[in-house]
Amino acid sequence: MARIITFASSKGGTGKTLVVANLGVAMAQLGQKVMLLDTDITMANLAIILGLGRQKTTLHEVLAGEARISKAIYNGPHGVMVVPSGISLNGIQRVRLDRLKKVVDELARKSEFLLIDAPSGLGRDAIVALTMAQETFLVVTPDIASLSNALRTKIVAERFGVKPAGVIVTRATGGHVDIPGDEIASTLDLPVLATIPEDQEVRRSVAFGEPVVTFRSGSPAAREFKRLAAALVKASPAS
Ligand SMILES: Nc1ncnc2c1ncn2[C@@H]1O[C@H](COP(=O)(O)OP(=O)(O)OP(=O)(O)O)[C@@H](O)[C@H]1O
Ligand SMILES: [Mg+2]
């Protein structure tokens, strides 16, 4: 059974999808069986960030009861397995979120790590994604809006019995306007597991449709993704 982690933040655009994509590929590079699941039903972009293009069968069709999950698993870089969400507006309407738990159970049986990319906000879709995992990593940018939203996500996670296990700070500039890591840790009462710097190679990698860990493996962001991947693999009892 996989260790299941949801990557969440109520604020949009903090870097959840990038973290899931890059961490997943970095863990696959370390020989782990990694499954990535895009639960952003309405704004899917995990497959795009991984350069996978558009797929015929996605989580939409599975949650609509029209396809089996095995038909919606695709191979990404270094053998990472990816379940994309669809982009068709028609598909969104047929989705039944109550079918997600069964899908997650099946995916967990096929992998050692199941990383779930959650939608932003605290709507029903985001809460369902949160409750699919035993634990959640909060993905925050070092600013007050992101931090206060993350606190709300943390409280909601706890209310549903999901353990907030740590914080991933993204887009850190190191400048004096960034909220320092120790303040983020004390506000959320959680350890900061990684601090991904603002790195222009990340934006370039997105434009080229390749995760930065392979696109520019020596860049500061890629190095931090790989450090976190190694720490998670090391901490995993299954490895
Ligand atoms: N470390 C970074 N360095 C530079 N740019 C970054 C970094 N992290 C994120 N970005 C930029 O922020 C954009 C949004 O990232 P991403 O899509 O991963 O956020 P998200 O939290 O998944 O957003 P949403 O809430 O919409 O799902 C990226 O396309 C990229 O341009
Ligand atoms: Mg996203």
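Just so you know, all these numbers are worked out from the coordinates, no wet-lab data involved. Everything quoted here is computed from the prediction, not taken from an experiment. Virtual Cβ from ideal backbone geometry, glycine too; neighbours counted across all protein chains shown.
Things worth noting here:
- Every residue from the range 1-22 that is part of a strand (DSSP E or B) and within 11 Å of ligand 2 (Cβ to nearest atom): PHE7, ALA8
- Note on the range 109-125: among residues that are over 15 Å from the mean Cα position of the chain (by Cα) and within 20 Å of GLY79 (Cβ to Cβ), the one that is nearest to ligand 2 (Cβ to nearest atom) is SER111.
- Residues within the range 34-59 that are more than 16 Å from ligand 2 (Cβ to nearest atom) and buried (at least 18 other Cβ atoms within 10 Å of the Cβ), tallied: 4
- Filtered by the rule that a residue be hydrophobic (A, V, I, L, M, F, W, C) and within 16 Å of ligand 1 (Cβ to nearest atom), the range 90-126 gives ILE92, LEU115, ILE116, ALA118, LEU122, ALA126.
- Within the range 10-24, the residues that satisfy the criterion of being touching a strand residue (DSSP E or B) at 6+ places or on another chain (Cβ under 8 Å) and surrounded by 24 or more Cβ atoms within 10 Å (Cβ to Cβ) are THR14, LYS16, THR17, LEU18, VAL20, ALA21, LEU23, GLY24.
- Test: residue in the range 162-181 that is in contact (Cβ under 8 Å) with a residue 60 or more places away in the chain, over 22 Å from ARG227 (Cα atoms) and either in contact with a Phe, Trp or Tyr (Cβ under 8 Å, 6 or more places away or on another chain) or not charged (D, E, K, R) (or both): yes
- A single member of SER111, SER120, SER148, SER70 is more than 24 Å from VAL34 (Cβ to Cβ) and either in contact (Cβ under 8 Å) with a residue 60 or more places away in the chain or outside any loop (DSSP other than H, G, I, E, B) (or both), and it is SER148.
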